Structures are given as C-alpha cells and as structure tokens.
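Enquirer: Below you'll find the structure I mean.
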Number of protein chains: 2
Amino acid sequence: MRPVAFAGSPIDRADQIRVDDAALAGLMDWRARVLLLDGLLPQYDENGALAWGTLADVAPDAELVFLGLLGGKACFAAVPDAGASGPAYAMPQAWAAIQQLAPDDLAIYGGARSLVDWHARHRFCARCGGKTRLAKGGWQRTCASESGGCGAEHFPRTDPVTIMLVEHSGRLLLGRQPRFPPRSFSALAGFVEPGETIEEAVAREVFEEAGVRVRDVQYIATQPWPFPSQLMIGCHAMALDDAITLDVTELEEALWFSREEVAQAIAMQGSEEGPFRAPPPAAIANSLLHWWLERTA
Amino acid sequence: MRPVAFAGSPIDRADQIRVDDAALAGLMDWRARVLLLDGLLPQYDENGALAWGTLADVAPDAELVFLGLLGGKACFAAVPDAGASGPAYAMPQAWAAIQQLAPDDLAIYGGARSLVDWHARHRFCARCGGKTRLAKGGWQRTCASESGGCGAEHFPRTDPVTIMLVEHSGRLLLGRQPRFPPRSFSALAGFVEPGETIEEAVAREVFEEAGVRVRDVQYIATQPWPFPSQLMIGCHAMALDDAITLDVTELEEALWFSREEVAQAIAMQGSEEGPFRAPPPAAIANSLLHWWLERTA
C-alpha cells in the first residue's frame, strides 16, 4: 500500500535519552531545536515548512517534550496552555496544515501534536486529583509523591481504532456520519474496546452501525492520526449478506458502492462531480480505497 | 492461528443500551447479574466458574459498569475501591484465575477487569483535577459541569502493544526481561507510541532492545490483555542480520533459537527441562510460537 499521511517520521525517538536526566539536561542548550507552535497549530517558515526556533522562543517555565533527534540535533516542543478535543474536520487550520506540509513535516507535526495535546489535557492526576508534572522528557507525567501526590505514573495514550472496507459481491459498504461534508462517504470505523481483538472490534462495529455480519477480517495497514492520538487500524472484511440495518445515532446513510463508483469517486477527488465524495488523501480510508482498487484491478 | 486467551467473550456489548439512560435503569432490577469480584480478583462458584450475584450483593452506592447482555440477561460489575497497576506475573491470584477459568469465563473476566480497574484509577479529572462520575453504563467518566466540573469526558483506555517474532536464517530472536522467571524467554514487545504505525513500532522496539534492524513486518493476530488493558498486536518480521546489541535496561538477555529449540520448549511447557521456558499458554507469545512452528513445519 502507498505510504499513509502522518507515518514515516524522520525523527529518531532516541528513547535511551528520555530516561537519562543528565543526558536530557545536556541537550537543552542553545543548539536545541524547538518546534514552533501556535497553541496546537504549526507555524511555517518562508518555504511553507515547519518553523523551528530555539529554547529562547519559549517561556522559561514551559513544559518541554523531547521529540527525539533530527540530523543529530535534539528536538523539543512546548506544551500549550490548552489542548483540543474534537475531530480534525472541525479544525480548518489543522486541515490546512495537512494540505500544506510535506510528508516528513506532517509526520513530525502529528507526533508532536499528539504528545503536547495529551500533556495539556493531563495536568492533574486521574487517581488522586493532584497536580502532575512532566517526566522522562515528556513521555510520562508523574503525580510526584515528594510534593504530596500519590506517586501515580501516567503515560501518553494512543487509542486503537478499527476502520474497515466491507465487501459483498464486488461492492463496498461505505457510510456517512451526520457531521460529514455533503455527499461524503467513508469506511466504517470505531474504537477497539477493552476485552476484544481487532477482528472482534471490526465485526462488532460493522454489525452495530450497519447491521451487517462479516467474516474473514484481514489486517491491511495502520496510520497514526493526531486528532488527538488514534492508531487507525485499516482492515478488510467480507460481508455475509448485503441487507443494511442502519444505526441512525452513528450513521446518516450507508450504501454499497461498485468498483466503478469507487474508482470514479477517487478519480474525481476534490471536484463536486462523481458518484460520491471520497475521503481526503490524508485519511487512511482513502489509502484503503486505493488498495482495494489495485487489488481488484 | 488457534484462539488466544481473553478473546471470544460471549457477552453482547449491546452498545445501544449504554447511551439510553432509561433502558439502562430498566435493566437494573432483581434480574440483573453482577459479576462477583474480590477487589479485582474473580470469585468462583462450586464448579470453578465465575460466580455471579445480584444487585443485592453490592454496596448501594457502588459504581456499576454495564458489561452487556448474556443469555438475554443484563450483566454488571462493580468498581472496586482500588485499581491495580503492574504486570500479571506479579499477581499470583490473577495467574491462578487464568489457569482455572474456562475460555468464555476468562474473556468475560478480562474485559470486566480492564473496565472496573480503569474506573478505580480514574476517579478524578485529568484536565481539572475535579471528581468524575461514571456515565454511559461505565463506558465513560464525566467531569460533570453541573457539579462544578470542567465538563471533560474520559473514556476507558486500551493501549496498543506490539509483540513480535523476529526471524533470521530460520531462527527466532527471543529475549528475557530481568523480571521473568528463570530460563524464560519470550517475544520482544513494546508500546505503540503516538505518531507511528504498527510496523514502525515493531522496527523501533526491536532496534532499541536488541540493536537488530528488521524488514517485512507482518501482522499475525491480536489479544486483549487485561493487566491492565493492553491490545497485544502479534507480528512477524525478518531481521537484516543477527548481530545483537542488548539494551540492558530492557532485557537481561536476547538469543536466537532454532526451530528445534522452540519446538522442544513448547513441547516441554511447564517442565524444568527443555532449552528454555516458553511463554505460558495464555500469552499471545505462546500462540505466536505455535503459529511459527506450524508455518515452518
């Protein structure tokens, strides 16, 4: 499958440095590069690439996340005052960044955004309510017992989400959520819950949302999605039959599309023509449709 | 691949009920079944199966999680006073449950344990430090704005972890963590971090822990692992070469084992003989070794 957006970061995470306070402190000097953010949004240099600054560009008391090494230089990002929740489609400036940034920059930005957003939304301890502080270069927060906390350690979260192409008689099941732009359809998707496998989550979600039973769930590819921090797990499954029973609290519509319709929608991406509006190129759903078209070519 | 432990729960999660307060309230009567727990540990009936009680068996102010429907009956579990952190190997009574329970019961217990443990460790809001309360049948906690909270919604977490068989010239790379029982070796493993795919996480972890570069990462199977709530993502990868550089903070030893050695270790499971002690049958690492032996048979 072709590369997915937000994957392929060129940053070396250098995890051995995170746990070495002295090494980390030694990197925080005038040579350190700091990813310049406006809240959670990227800033751009004169070439439209990610803008980087130095530690002089952030507040002296800013919490800093160590992103890793890039070209031998230590890279950091500062935790903003507030995080964000809500999906990417509701954030026009984030979408603009997705359009504008080159793949390497997009991967760097996405990874950094997930991390600093998590910190901004986790300044307190879920176990005792006390204040937490950044630890291990930003790969942990600690409810420090020496300052009266309970000692709990908290880690950035990554939420696994299944997203699946469901096939029956050469057609694909795609759905539209009420919040989607007009004419847009995409692959069904849902969070993996505690106590189930990826394959079980796929089958459960497709049945919940469309009333369709599936077999032969196959893993295709994953994508990190930084709104706020999802691991999109792309799968394919065969439907037992094509009768749809819609869960209207989740989906406004779900339809079976032929190969020709999917191919047309992809070919006419961005126009108002075509049988439906395909998911945007940055979404793994788009990559999965390309994969399916190539597979069935 | 043969079924993995903790998967295949017979409970219908009935997610439409979670969001329907009236339906949920209507299920909480004398017919409701409550999974009896001693803290986070299961209780057993006279046949060694999971013991179930009624709402009369839990404190009137207990927070209750709606697990779903089983044989048409609503199933709940109460949130204990305290959660647990730390790995399963350090919990002898939890290990005993794994040995004792039949597959269906083990899946029910695992899913319930992950959920109630999450609630017990998330009584406060990570965003503002306020008290949260259980919502949506236990599939959410809310920092209720009507009682002075910030309104943030929190969801049970599931942490994706890659666990991988790394192969070179017909041999497998297995490692032992310092905490493992004597002579035990298992597949290398590590958390998927924000900003990376499953395949990138596999490659990063193998390089970090053993200094080995891999290619052709292939997804095999997943397992929900309830200590506390991990999604174990089993993979296979080919190593570019077999020179090992050990990260001694993660691993005590890493070795290449031949097909014969792996087969012997699996055949002699539970004995003190064999070239090494294989991971226990309940672990996906064990299933992956079986898969590999069958694949290379």
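Each reported figure results from applying straightforward, stated rules to the coordinates on display, with no laboratory input. Note that the structure is a prediction, hence the values are computed from the model and not measured. Here the Cβ positions follow ideal geometry from the backbone for every residue, glycine too, while neighbour counts run over all protein chains shown.
Enquirer: Say R0 is 30 Å: what FRET efficiency, to the nearest 0.05, do A:Ser169 and A:Leu246 get from their beta-carbon distance? Mind dumping the intermediate values first?
Expert: Numbers: r = 20 Å, r/R0 = 0.65.
The calculated FRET efficiency here is 0.95.
Enquirer: May I pose another question? Which of the cysteines found in chain B have nothing to pair with, since no other Cys Cβ lies under 4.7 Å from theirs?
Expert: B:Cys75, B:Cys235
Enquirer: Within a 10 angstrom radius of the beta carbon, how do B:Asp159, B:Asp20 rank from fewest other beta carbons to most?
Expert: B:Asp20, B:Asp159
Enquirer: Something else: Would you work out the relative contact order for chain A, in percent, from Cα pairs under 8 angstrom that are 6 or more residues apart?
Expert: Once divided by the residue count of chain A, the mean separation gives 17 percent.
Enquirer: How many partner chain Cβ atoms sit within 10 Å of a residue's Cβ in peptide B:153-162, on average, as a whole number? Each step should come with its number before you reach the end.
Expert: Numbers: counts 1, 2, 4, 5, 7, 13, 8, 9, 1, 0.
Per-residue shielding by partner chains comes out at 5.
Enquirer: Could you work out the mean count of beta carbons from other protein chains within 10 Å of each residue's beta carbon in B:125-133?
Expert: Mean number of neighbouring Cβ atoms from other chains: 5.
Enquirer: In nm, one decimal, shortest first: how far is the label point of A:Met1 (7 Å from Cα along Cα to beta carbon) from the matching points in the other copies?
Expert: Going from nearest to farthest copy, the values are 1.8 nm.
Enquirer: Another question about this same structure. Straight-line reach from A:Lys136: which lysines have Cα under 30 Å away, leaving out those fewer than 8 places along the same chain?
Expert: Partners found: A:Lys73, B:Lys131.
Enquirer: Please compute the modelled spin-label separation between B:Gln218 and A:Asp20, points set 7 Å along Cα→Cβ, answer in nm with one decimal.
Expert: Going from the A:Asp20 label point to the B:Gln218 one covers 3.7 nm.
Enquirer: Can you pull the mean other chain C-beta count within 10 Å for peptide B:218-225?
Expert: 5
Enquirer: Could you work out how much longer the chain between B:Phe191 and B:Asp104 gets when fully extended? Use 0.36 nm per residue separation minus the Cα distance between them, nm to one decimal.
Expert: Working: separation 87, 0.36 × 87 = 31.32 nm, distance 2.69 nm.
Result: 28.6 nm gained on full extension.
Enquirer: Next question, about the same structure. Translational D (Stokes-Einstein, µm²/s) of region A:74-144 at 10 °C and 1.306 mPa s when Rh comes from the Kirkwood sum over C-alpha pairs?
Expert: Translational diffusion coefficient: 117 µm²/s.
Enquirer: OK, next. Each residue of region B:46-57 in order: what ³J(HN,Hα) in whole Hz does its phi give by Karplus 6.51 cos²θ - 1.76 cosθ + 1.60, θ = phi - 60°, with x for Gly and Pro?
Expert: Per residue, the Karplus-derived 3J(HN,Hα) values read 5, 9, x, 8, 4, 8, 10, x, 10, 4, 5, 8 Hz.
Enquirer: Using a label position 7 Å from Cα in the Cα→Cβ direction, what is the ascending list of nm distances from B:Ala102 to the same site in the other copies?
Expert: Ordered by increasing distance: 6.1 nm.
Enquirer: While we're here: Can you give me the Rg/Rh ratio for region A:130-288, using Cα atoms for both radii and the Kirkwood formula for Rh?
Expert: Across region A:130-288, the Cα-based Rg/Rh ratio is 1.11.
Enquirer: What's the FRET efficiency of B:Ala135 with A:Cys150 using the Cβ-Cβ distance as r and R₀ = 25 Å, to the nearest 0.05?
Expert: 0.60
Enquirer: Could you tell me which of rounded, prolate or oblate describes region B:6-128, using a ≥ b ≥ c as the square roots of the eigenvalues of the alpha-carbon gyration tensor, with rounded for a/c under 1.5 and, failing that, prolate when a/b is larger than b/c and oblate otherwise?
Expert: Taking the square roots of the gyration eigenvalues as a ≥ b ≥ c, region B:6-128 is oblate.
Enquirer: Among A:Ser271, A:Ser229, what is the fewest-to-most ranking by other Cβ atoms within 10 Å? Walk me through the numbers on the way to the answer.
Expert: Working: A:Ser271 9, A:Ser229 21.
Ascending Cβ contact count within 10 Å gives the list A:Ser271, A:Ser229.
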